[in-house]
Amino acid sequence: MLMVMVIDGVEVPEDGSAKDTAAELLLRIADGDERAFAELYDMLSARVFALILKVLVNRSQSEEVLQEVFLEIWQSAARFAPNRGQGRSWVLTIAHRRAVDRVRSSQSSTDRDMRVGVRDLGGERDVVQETVEARLEGERVVAALATLPEAQQEALILAYYGGYSQSEIAALTGAPLGTIKTRMRDGLTRLRGEMGVLA
């Protein structure tokens, strides 16, 4: 008997042979199906927003990026290739990239502002410095993630930015749980190396 778990109200079979509802919706969206777009939005917008908010922290910027993500999905759904991965993973990858782009853009703006006015901040300097350091560290992580093989990237992004457990990732990607654990372990080992962190 097929075991089913529920993630954000969506049933996902645990054996990975699940019907990929997000992929089916993306294929319909590629044909201009507005109803499919509304269904995909209802199904994934909360998860996408949570991922973006984890990266950006700022709620209003996260709301803007959420709109940008779904606009991109509407415009580029034809580029989704179901044979290369799950629909949900494709959507979360777009969201992560958009959020990172916004961080980089904000960072450039922050750098300019810091060069011009940091001396006038007085007691608030530590808060600004901590924010900048956190963003720079986030950029280092994103750059290090980009060096990993796609399968390791996907597993780590789903886990750390999407908030999925290893079992949920296995169900979403259709890979065995042991494979997901190996991808995450190897990916984290490579990330540590890329970032110069001693194990």
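Computed from the coordinates by the stated procedures, all read-outs in this text should not be read as laboratory data. For clarity, every value in this text was computed on a predicted model and none was experimentally measured. Positions of Cβ are generated from backbone atoms using ideal geometry, with glycine treated the same way; all protein chains shown enter the neighbour counts.
Peptides 156-164, 75-83 ordered by packing proxy, namely the average of other Cβ atoms within 10 Å per residue, highest first: 156-164, 75-83. Computed from label points 7 Å out along Cα-Cβ, the spacing between Ala143 and Ala81 is 2.9 nm.
In terms of the mean number of neighbouring beta-carbon atoms within 10 Å, the peptides 92-98, 52-58 order highest first as 92-98, 52-58.
Round to the nearest 0.05 the FRET efficiency obtained for Ala46 and Leu71 when R0 = 25 Å and r is the Cβ-Cβ distance.
Values: r = 18 Å, r/R0 = 0.71.
For Ala46 and Leu71, the calculated efficiency is 0.90.
Between Tyr160 and Glu130, the modelled labels are 2.1 nm apart [label points 7 Å from Cα along Cα→Cβ]. Take the Cβ atoms of Glu63 and Ala30, set R0 to 25 Å, and the FRET efficiency comes out at 0.45.
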